[in-house]
Amino acid sequence: MTLDELKSSLPDYARDLRLNLESVLSEGGAPGLSQKQIALVALASAIAARHAPLTEAVARFASRHATAQELDGARTAAALMAMNNVYYRFLHLVENDEYASLRAGLRMNAMARPGCDKPDFELASLAVSAINGCGKCIASHERTLRREGVSAQAVQSAVRIAGVLHAVAVTLEQGNAATPGRHVAAAA
């Protein structure tokens, strides 16, 4: 399924998502980001949103704007943040400082050479961390991006992409269950 087909399968009550999806995946709708960065952030966000048809459609879109190695960098960000966001969210929420003094013992070697430029990897990691709700990781990646010279507008654009893709995934996942008594044709 293509992004256009997925957009058209969104129900009328989510028409704003159709418009937002089209907007945030273009340079005009994601100020401060290049089309490659948009593609990488979108791919990592779709993976984090856990909706296979959306992830497949975004991967096809992203492959037109980034190399296979760069796409793997976005996948690396999604994979590592799936692990890190759980662990560091726990540290943030547990209310016991003793855990922060313990060695994490989690391998993250891929962060040193993820396959894409450092700012692109950090943008993808920030987007996934926003979807996963890890405040500690969000703050860390935002600080790194700003030290790397990435503008506040670019950071905001990455999180907007994450928000829209997550909302599209949630809406598509709920399918026909949205409104009792109303029949909506399922997307093929």
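Coordinate-derived values only; no laboratory data. Fair warning: this is a prediction, and the values are worked out from it, not measured in the lab. Positions of Cβ are generated from backbone atoms using ideal geometry, with glycine treated the same way; all protein chains shown enter the neighbour counts.
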Please state the shape class of the range 2-74: rounded when a/c is under 1.5, otherwise prolate if a/b exceeds b/c and oblate if not, all from the C-alpha gyration tensor.
oblate
Please flag any cysteine in the chain that has no other cysteine's Cβ under 4.7 angstrom from its own Cβ.
Cys116
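So for the range 1-70, averaging the separation of alpha carbon pairs under 8 Å that are six or more residues apart and normalising by length, what relative contact order in percent results?
33
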Taking trypsin sites (Lys or Arg not before Pro) as exposed when in a DSSP loop with at most 13 other Cβ atoms inside 10 Å, the chain has its longest clean stretch at 108-181
Taking all pairs of different Cα atoms in the chain, averaging 1/r and flipping that mean, what Kirkwood radius in angstroms comes out?
17.0
Can you give me the angle between helix 118-132 and the longest principal axis of the chain, using Cα atoms only, in degrees from 0 to 90, rounded to the nearest 10?
70
Charge tally for neighbours of Gln35 with beta carbon under 11 Å away, counting Lys, Arg as +1 and Asp, Glu as -1, is +1
Do you know the relative contact order of the range 56-147, to the nearest whole percent, from alpha carbon pairs under 8 angstrom that are 6+ apart?
39
Specify the inter-centroid distance of the range 1-48 and the range 69-116, based on alpha-carbon positions, in whole Å.
26
Tilt, helix 15-24 to longest principal axis of the chain (alpha-carbon atoms), in degrees rounded to tens, equals 50
Using a basic spin-label model with each label point 7 Å from the Cα along Cα→Cβ, how many nm lie between Asp117 and Ser63?
2.4
Can you tell me the 0 to 90 degree angle between the C-alpha axis of helix 152-174 and the longest principal axis of the chain, rounded to 10?
50
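Any idea what the relative contact order of the chain is, in percent, if you count C-alpha pairs under 8 Å spaced at least 6 apart? Kindly include the intermediate steps, with their values, before the conclusion.
Values: 251 pairs, mean separation 59.7, N = 188.
It comes to 32 percent, rounded to a whole number.
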Can you give the helix-only mean residue ellipticity at 222 nm for the chain, where every DSSP H stretch with n ≥ 4 adds -39500 (n - 2.57) and the sum goes over all residues, rounded to the nearest 500 deg cm²/dmol?
-21000 deg cm²/dmol
Residues of type lysines that Lys136 reaches as a straight line, Cα spacing below 30 Å, ignoring anything fewer than 8 places off in the same chain
Lys36, Lys118
